[in-house]
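Reviewing the structure listed below.
What follows is calculated from the coordinates using simple rules that are stated; it is not laboratory data. No experiment lies behind these values; they were computed from the predicted model shown. Neighbour counts run over all protein chains shown; Cβ positions are idealised from the backbone, glycine included.
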Amino acid sequence: MRKPARRWVVKIGSSLLTNDGRGLDLPALADWSTQIAHLRAAGLDVVLVSSGAVAAGMSRLGWSVRPRELQQLQAAAAIGQMSLVQAYQDQFARHGLLAAQVLLTHDDLISRRRYLNARSTLRALLELGAVPIVNENDTVAADEIRLGDNDTLGALVANLIEAERLAILTDQQGLYDSDPRQHPEAQLIPSAQASDPRLADFAATGKGVLGRGGMATKVAAAKRAARSGAETVIVSGRQPQVLERLAAGEAIGTLLRPDDEPLAARKQWIASQLSLHGYVVVDEGAAHVLQQAGRSLLPIGVTDVQGRFVRGEVVSVRDPTGREIARGLCNYDADETRRIMRKPSDAIEETLGYVDEPELIHRDNLVLM
Ligand SMILES: Nc1ncnc2c1ncn2[C@@H]1O[C@H](COP(=O)(O)OP(=O)(O)O)[C@@H](O)[C@H]1O
Ligand SMILES: N[C@@H](CCC(=O)OP(=O)(O)O)C(=O)O
């Protein structure tokens, strides 16, 4: 029996919530809300990441086919999000709980200031005893920066609140060794390391009518959640008392475990950046000391700088073959970095006229990928 985790992110996908597209499944939604209320009563903090806005909007609009145009999807989401949170609010109120709507975009999670704001708001809501209900802010998220699937959002929220567990409720019993919709003989994987490269192959194909990501985004989410020390359970939301049984330590679904101890909060944030404004290329010697000796990155080891970034932004670090080996907060902006690259740190002052830090990226602000 595993010990129950204290802070959970519970993610409910579109396929499940809408019973594969037949509008919101209100009895099921009521049941999950009851289960979450029981978890709260048992002392667990729960943040709910719920999909279903587009699907609920489609059903309100009488649309049976998911539109392709972004504006149509956004309009459906705006209509559907109302029904979605209203349904949750009604259900949580039956248990004396307040529900809180939290709509996040990708930008909110890459800007340090907004990231910290989102984190403190979520923490405040949990302290107030409310149940935060998170979804992507579909109205404003433009195509190229959309998270698109809520598995990624669930993992980012797990990083944000340093959750111990990400429970992904879906329409299958868990992760199988191939898509059970196409391969009835597929075998359920009871547990694995989130970093196991075979998982991506198992999840390679197939998704539901409405779901965005299929299993591939769930496996990627487990990997991302593991970076902040969270374990992920992929499990059928249709199992009776699924959340309570998980909380009691029952081994159901697929458990994907992190390899390591949790990284510090800053390192989690650095590792979870989805879009970066630039990268630096380092020579072999620098790549070696970063990876093997846990050292800071000095300007002398940098051979190329690409993109535009400001001081304090997260940049990617690539080895001479172009492979990303690390990410970190850069102490100099892109132009300054170009001017001091290949130079020893004691030449920074004569080159720039000032010196802020001898390191380009300090090891405390650097995370290996
Ligand atoms: N290896 C696999 N194991 C289980 N399900 C898989 C696998 N590969 C693909 N799938 C598909 O992923 C679907 C769930 O993903 P998706 O439709 O995006 O759901 P959700 O809306 O819950 O995120 C399943 O219905 C299944 O057909
Ligand atoms: N923000 C979207 C969710 C996107 C989506 O479909 O996610 P998922 O079903 O979890 O893969 C919505 O509420 O409709």
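Directionally averaged projected area (the chain, Cα convex hull): 19.1 nm².
Could you tell me which helices of the chain pass both thresholds, a Cα extent of 20 Å or more along their own axis and a mean Kyte-Doolittle hydropathy of at least -0.5, with helices taken as whole DSSP H runs? In the chain, the long hydrophobic H runs are 26-41, 70-94, 214-227.
Please report MET82, MET58 as a ranked list, fewest other C-beta atoms within 10 angstrom at the top and most at the bottom. Listed from fewest to most nearby Cβ atoms, that is MET82, MET58.
Counting only DSSP beta bridges with both residues in the stretch 7-268, the antiparallel share comes to about 10 percent. Full extension of the segment from ASP346 to ALA42, taken as 0.36 nm per residue of separation minus the current Cα-Cα distance, would add 103.7 nm. Based on C-alpha pairs under 8 angstrom that are at least 6 apart in sequence, the stretch 41-172 has a relative contact order of 27 percent.
With R₀ fixed at 51 Å, the C-beta to C-beta distance from GLN182 to GLU162 puts the FRET efficiency at about 0.85.
Counting only GluC sites (Glu not before Pro) that sit in a DSSP loop (anything but H, G, I, E, B) with at most 10 other Cβ atoms within 10 Å, what is the longest stretch of the chain containing none of them? With GluC sites (Glu not before Pro) excluded where exposed in loops, the chain gives 186-369 as its longest stretch. Based on Cα contacts under 8 Å between residues 6+ apart, the chain shows a relative contact order of 15 percent. LEU26 to ASP335: FRET efficiency via 1/(1 + (r/R0)^6), r the Cβ-Cβ distance, R0 45 Å, to the nearest 0.05? It comes to 0.20. Each of VAL140, VAL281 has some number of other Cβ atoms within 10 Å of its Cβ, and from fewest to most they run VAL140, VAL281.
Placing a label point 7 Å from the Cα of THR303 along the Cα-to-Cβ line, the residues of the stretch 332-364 whose backbone N sits under 16 Å from it are 341-343. Full extension of the chain between ASP259 and ASP364 yields a length gain of 35.8 nm, computed as 0.36 nm times the residue separation minus the alpha carbon distance. Between GLN71 and GLN292, take the C-beta separation as r, use R0 = 41 Å, and let me know the FRET efficiency to the nearest 0.05. Approximately 0.20, to the nearest 0.05. Footprinting exposure proxy ranking of TYR176, TYR354, fewest other C-beta atoms within 10 angstrom first, gives TYR354, TYR176. For the chain, the Cβ-based charge dipole about the Cα centre amounts to some 740 debye (Lys, Arg positive; Asp, Glu negative; other atoms uncharged).
Using 0.36 nm per residue and subtracting the Cα-Cα separation, the extra length available between LEU276 and ARG323 on full extension is 15.4 nm.
For the chain, the mean residue ellipticity at 222 nm estimated from helices alone is -11000 deg cm²/dmol, where every DSSP H run of n ≥ 4 contributes -39500 (n - 2.57) and the total is divided by all residues, rounded to the nearest 500.
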